[in-house]
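The values are calculated or read from the model by the stated rules, or taken from the named source; none is laboratory data. Quantities reported herein were computed from a predicted structural model and do not represent experimental measurements. Don't worry about glycine lacking a Cβ; one is built from the backbone with ideal geometry, like all the others, and counts go over all protein chains shown. These accessible areas exclude ligands, DNA and RNA; they are computed on the full protein's heavy atoms, side chains included. Shrake-Rupley method; radii C 1.70, N 1.55, O 1.52, S 1.80 Å.
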Amino acid sequence: MRITFHGHSCVALEHAGTTLTLDPGTLADTAAALVTPGTLLVTHAHPDHLDVDAVRAALATHPGLRVLGPEAAFERLGEAPDGERFQVVEPGDVLTIGSFSVLVGGGQHALIHPDVPRVANVTYLVAGDGVRTYHPGDSFSPPLTDDRLDVLLAPVSAPWMKVADGIDFVRSLDPRTVIPIHDAVLSPAGLALVHRLFGEGRTGGTYDYRPLEVGGHLDVTPRGEEHTMTHEPAPQRDPEAVADAILREHPEFDEVPTIEVDETVPPRPEEEVADATRE
């Protein structure tokens, strides 16, 4: 299976003449992702996972292009689901698309804030030639399998997550390989820090951490072969050593702000009483 990263949460999976393109959103390189998209799988209807203008243009260019996703995705596209070209999927659905089998999971988008409505978010466990790759969309929903994943496409930064949540999610699944996604909101410095925490500076897990540049790809061979990946997993590190390394690289994290006393502001009456009592 070849996995190509098109930026943010958009990836293409290719095997035996079949291509699946997942989450072609506004923060991805959709110009490249939608040249030969195969079939589109959408996890949810947020713009960074579904670029409506780009997908509409691709539908016009590719008359055979199919789109699968939750119902809200088709509401945004302005297309009525017909079970063929536009197909609504729900958790528990099992699909065969060319050389791939796809198991749909998930349910809801992770919580951003109690005041922000949650939308439907489905996940995709894609299997081809003995390789299993999992895309959780905007969630930490586990895949509907007890088998170890070959590749986890792991969100690393979002309004709905902390880095600690992402690390715990990865550790709980401990796939053979982790490819970070959902990273477009990070600055270069923030991305480097995240890569350190998930990768060489991690304190748990046996996975191989493989960040990809936009347009880069990774070829994954069946897990039954002796060498599933070309790189050895990064060694585990002592937590205190990791913290020291991060502080050396980012000394500003160790600074404790102090509150300056504004002498121009008169004390409140209760403060004067407290001062008199102490005296």
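With q set to 0.16 Å⁻¹, the log10 of I(q)/I(0) for region 1-138, from the Debye formula over equal scatterers at the Cα positions, is -0.75. Each distinct pair of alpha carbons in region 6-87 adds a 1/r term; the inverse of their mean, the Kirkwood radius, is 12.3 Å.
Building the convex hull from the alpha-carbon atoms of region 141-231 and averaging its projection over directions returns 6.4 nm². With Cα atoms as the point set, the radius of gyration and Dmax of region 72-227 evaluate to 16.5, 50 Å.
For residue 27, the solvent-accessible surface with a 1.4 Å probe is about 90 Å², rounded to the nearest 10. Taking a Cβ cut-off of under 10 Å around residue 151, the surrounding Lys, Arg, Asp and Glu residues balance to a net charge of +1, with basic ones at +1 and acidic ones at -1. A simple count of charges around residue 54, restricted to other residues whose Cβ falls under 13 Å of its Cβ and scoring Lys, Arg +1 and Asp, Glu -1, yields -3. Loop-located chymotrypsin sites (Phe, Trp or Tyr not before Pro) across region 22-115 with a Cβ neighbour count of 12 or fewer within 10 Å are lacking, with loop assigned by DSSP.
Annotation: residue 214 carries an accessible surface of approximately 90 Å², with a 1.4 Å probe and no ligand, DNA or RNA atoms counted.
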